[in-house]
Amino acid sequence: MVLCLLVAAPCANAAVSCPKVASSIAPCVNYIRGKGPLTPACCNGVRALNSQAKTPADRRATCNCLKSYAGKIPGLNPSLISGLPGKCGVSVPYPISTKTDCTKVR
């Protein structure tokens, strides 16, 4: 909730919200920390987010939420999170990283 408040404008105007992003990615946490396998629930969440982020504003909002959420996960393995979309069979037009400049996402 606080996360969405930090990026309120993108969350308010987009089809996806930060709480929705967090719940969609929650099944991936063990995987991106290197503590578990990649699960079908994780990939289902990744695919759902990708399909909901249809417009540039949606993609920027999702990027901001993912970036903030990733920065709050202790023990995150950056290479696992950046490779997650590909492992789940989706193409995301920006890198998933705490260093991504979401303002440049189209």
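The values are calculated or read from the model by the stated rules, or taken from the named source; none is laboratory data. Owing to the predicted nature of the structure, the values given are computational and were not obtained by experimental measurement. Heads up, the Cβs are rebuilt from the backbone with ideal geometry, glycines too, and the neighbour counts pull from every protein chain shown. SASA here: full protein model, heavy atoms, side chains in, ligands and nucleic acids out. Shrake-Rupley method; radii C 1.70, N 1.55, O 1.52, S 1.80 Å.
Results, tabulated for the structure shown:
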quantity	calculated
Length gained when the stretch VAL90-ILE73 is fully extended (0.36 nm per residue, less Cα-Cα span)	3.9 nm
Spatially proximal lysines relative to LYS104 (Cα-Cα < 27 Å; intrachain offsets below 8 disregarded)	LYS20, LYS54, LYS67, LYS72, LYS87
Largest-first ordering by accessible area, 1.4 Å probe, given options ARG106, ARG33	ARG106, ARG33
Nitroxide proxy distance, nm - points 7 Å out along Cα→Cβ at ALA57 and ARG106	1.9 nm
Student exercise, the chain dipole from Lys, Arg, Asp, Glu Cβ charges, in Debye to nearest 20	100 debye
Range of Cα positions in region 18-85 per principal axis (Å), largest first	33, 23, 20
